[in-house]
């Protein structure tokens, strides 16, 4: 079928995303940039056929959800090709879709340039770990890499709650059970509550979308489980702040106290276009020690960045240092480092100083 040819082309081009939008040509995201497959615009009748083919490839999944709710998430596999995460949605009264290409194999953290100190998070046995960043920044890949390392090294029960399931984990040293929202359980909160009765050691929550899910995740971390999850925020301090702000003002002191006791790490990441056409992840890494826990309890989140800068010996890293490392390795340009920095003026000054010192 034609949609399968389009999917094959995307995999062959090493595209990360496919865009099917009425009134536009079929487009791919390759190396962080969107390129058109050709100049032929897709109109609603053709788009409807593409969408129907996608649902057929997904195992005759019904279209009732997108018709009733306006959007639908699901995953699918095409033999000999790849897995795909699909979001179908209505826009301007017609259907459209964005498809993420997910390789069959599990990610190799070295190939994806994920730092060793991030991978060591999988050695922890309890507490809450958050991976944050904008959509498409590689959060799912980082978490899948951590789960894969746990599966290879530890004999534990891992439960994942995902919307939808992307990477498939085979049982190795661990038992890995994967549940998809809507298909296998009603919601993240419902699935998370059920997980606590399923003898878990490690729980992955695809996204902490609401106050209820956050509360159950905190409880799971407090009761001796390792809980991994994501948030769509930029920066470690902003990630913690987002959780606190999800609650009414009268509860925020209690939530800060809980976070100070159960949080183990925050990894904030983004993907940066590289000099070779690939994308490279840059990381801000925060590990919780007594000083960080004290700042969180007292609500002094604005001081966390300085603590990260002064704690590099403990494996922490600022986003700016991560970007500068990529520049020094010739993986990204100085211009991209400045553009992706949280403080562009400061980054420009640091780059100039390093250039003068002959370190770039």
Q | Ranking of 94, 346 by count of other Cβ atoms within 10 Å, fewest first | A | 346, 94
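Suppose the chain between residue 349 and residue 14 were pulled fully straight at 0.36 nm per residue; how much longer would it get relative to their current alpha carbon spacing? Intermediate values should be presented prior to the final figure.
On the way: separation 335, 0.36 × 335 = 120.60 nm, distance 3.56 nm.
Value of the extension gain: 117.0 nm.
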Q: Specify the inter-centroid distance of the range 159-192 and the range 94-110, based on alpha-carbon positions, in whole Å.
A: 17
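Normalised radius of gyration for the range 45-150, please: alpha carbon Rg relative to 2.2 N^0.38 Å, two decimal places. Don't skip to the answer; put the middle values down first.
Values: Rg = 17.2 Å, N = 106, 2.2 N^0.38 = 12.9 Å.
Ratio of Cα Rg to 2.2 N^0.38 Å: 1.33.
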Q.
Per residue, how big is the convex hull of the chain when only Cα atoms are used? Give it in Å³.
A. 156
Q | Residues residue 36 and residue 333, FRET efficiency given R0 of 35 Å [Cβ-Cβ distance, rounded to 0.05] | A | 0.90
Q) Put a dot 7 Å past each Cα toward the Cβ at residue 219 and residue 182; how far apart are the dots in nm? A) 2.6
Q: Report, in whole Å, the centroid distance computed from the Cα atoms of the range 271-324 and the range 36-51.
A: 43
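Quick one: work out Rg over Rh on the C-alpha atoms of the range 232-273, Rh as Kirkwood radius. Walk me through the intermediate numbers first.
Working: Rg = 12.1 Å, Rh = 11.4 Å.
In the range 232-273, Rg relative to Rh is 1.07.
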Q | Extended-chain gain in nm, criterion 0.36 nm per residue less alpha-carbon gap, residue 175 and residue 253 | A | 24.4 nm
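Which of 213, 233 has the fewest other C-beta atoms within 10 Å, and how do the rest follow up to the most?
Values: 213 23, 233 19.
So the ranking, lowest neighbour count to highest, is 233, 213.
Taking a ≥ b ≥ c as the square roots of the eigenvalues of the Cα gyration tensor of the range 2-102, is the shape rounded (a/c under 1.5), prolate (a/b larger than b/c) or oblate? Intermediate results must be reported in sequence, preceding the final value.
On the way: a/c = 1.71, a/b = 1.18, b/c = 1.45.
Because a/c hits 1.5 or more and a/b fails to exceed b/c, the range 2-102 counts as oblate.
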**Q.** Average projected area [Cα convex hull, the range 116-317], square nanometres
**A.** 11.6
Q. Let a ≥ b ≥ c be the square roots of the eigenvalues of the Cα gyration tensor of the range 211-317; is it rounded (a/c under 1.5), or, if not, prolate (a/b larger than b/c) or oblate?
A. prolate
**Q.** Among 110, 201, 123, residue whose mean-square fluctuation peaks in a GNM of the chain (springs only between Cα atoms under 10 Å)
**A.** 110
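We did not get these values from a lab; they are worked out from the coordinates using the rules stated. This structure is a prediction, so every number in the text was calculated from the model and none was measured. Backbone-built Cβ (ideal geometry, glycine too); neighbour counts: all protein chains shown.
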